[in-house]
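In what follows, a single structure is set out as structure tokens and then discussed.
The values are calculated or read from the model by the stated rules, or taken from the named source; none is laboratory data. The shown structure was predicted, so the numbers you read here are calculated from the model rather than taken from an experiment. Note: accessible area is taken over every heavy atom of the protein model, side chains too, but ligands, DNA and RNA are not part of it. Shrake-Rupley method; radii C 1.70, N 1.55, O 1.52, S 1.80 Å.
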Amino acid sequence: MNMNGKTVLITGSTDGVGRYVASELAKQGARVLIHGRDASRAKALIEEITAKGRAAPRFYQADLSSLAGARQLAEAVKADHGKIDVFVSNAGIGSQNNGPQRQESADGFELRFAVNYLSGFLLAHLLLPLIKAAAPSRIVNVASLGQHPIDFDDVMITKNYSGSRAYAQSKLSQIMFTIDLAAELKGSGVTVNSLHPATYMNTTMVRAGAITPISTVEQGGAAILHLVDGDDVANKSGLFFNGMNEMKANAQAYDEAARKRLRELSLKLTGLSG
Ligand SMILES: NC(=O)c1ccc[n+]([C@@H]2O[C@H](COP(=O)([O-])OP(=O)(O)OC[C@H]3O[C@@H](n4cnc5c(N)ncnc54)[C@H](OP(=O)(O)O)[C@@H]3O)[C@@H](O)[C@H]2O)c1
């Protein structure tokens, strides 16, 4: 897909791999909508992009650790744009951001489930009219190889909490949502895929976990860009990719009953089912 003139929203693009992807898409002439929590980090990225002679990306500030923040982001984007060609749901926190203890979102949900999964679930639904208006269009959910099955008796992980389990549960939730949404969007011209960009890229969340990085944002960014504009994936939907290659996710992703439980819970928690 030629990205010149295309509108692309990338959540979590003031840092890490999202920042790299935003910058690359701006180079290709896309109208890039960047998002993050920190206005000064956004300003630095805007300056970097405009210094290269590219159009200034529009910055949307929102904290996705509350559903109100996700709703506010969707409203702000809707107020400015009639269509979105690509939505990259990338914002996230790692297993150790702000320490190893269990944390909760503003709405009282386990924090990684809320930020990494529920906010993207809500945003995708709220932005769907704009994404459909741009068809053929795409949704890319940035997930991970780190995947832990959901215990439906304790989705908020009140027992046996660990940051890596919470992170991995949120990432599998994104993959399960991708499969469901692809089925829902069949025939609409909108595709949705998820991926593991690369292992331990040198980013804030990896450094927060005191992990030695083993890959670069350029490597992970290339895998995200492949799903954003690759012609070979134009008609593929509902799939999980490890880098550039399609692969199977954790078995729970293919359990229809589990996906239905997650879908119903997510619709309820986000208020979409009411
Ligand atoms: N790093 C890896 O090796 C790796 C591997 C597999 C998957 N991933 C996935 O790749 C994606 C990007 O990760 P990264 O490594 O680039 O991480 P990063 O450098 O830590 O960047 C995370 C981005 O998410 C935003 N974010 C975090 N919490 C937020 C919140 N509450 N509200 C709004 N925005 C928030 C951050 O915004 P601020 O600038 O405001 O902090 C930042 O822009 C994540 O979904 C991650 O799970 C990463």
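If the Kirkwood radius is taken over C-alpha pairs of the range 148-197, then at 10 °C and 1.306 mPa s the Stokes-Einstein diffusion coefficient equals 129 µm²/s.
The Cα atoms of the range 12-140 give a gyration tensor whose axes a ≥ b ≥ c have a/c of 1.5 or more with a/b no greater than b/c, which makes the shape oblate. Once you reduce the range 215-243 and the range 166-191 to the center of their Cα atoms, the two points are 15 Å from each other. Of the whole protein surface, V32 contributes about 10 Å² of accessible area at a 1.4 Å probe radius. Taking θ as phi - 60° and the Karplus parameters 6.51, -1.76 and 1.60, the scalar couplings of the range 194-200 work out to 10, 7, 9, x, 5, 8, 6 Hz in sequence order, x denoting glycine and proline.
Structure remark: mean-square fluctuation, Gaussian network model of the chain, C-alpha springs under 10 Å; the largest value among G12, G108, G120 belongs to G108. The Rg/Rh ratio of the chain, with Rg taken over Cα atoms and Rh as the Kirkwood radius over Cα pairs, comes to 0.93.
For K171, the accessible surface of its heavy atoms amounts to roughly 10 Å² (probe 1.4 Å, protein chains only, rounded to the nearest 10). Lysine pairs in the chain whose alpha-carbon atoms fall under 18 angstrom of each other, counting only those eight or more residues apart or on distinct chains, come to 17. Picking from A51, A74, A39, which is most flexible by a Gaussian network model of the chain using Cα springs under 10 Å? Taking springs between Cα atoms under 10 Å, the residue moving most is A51.
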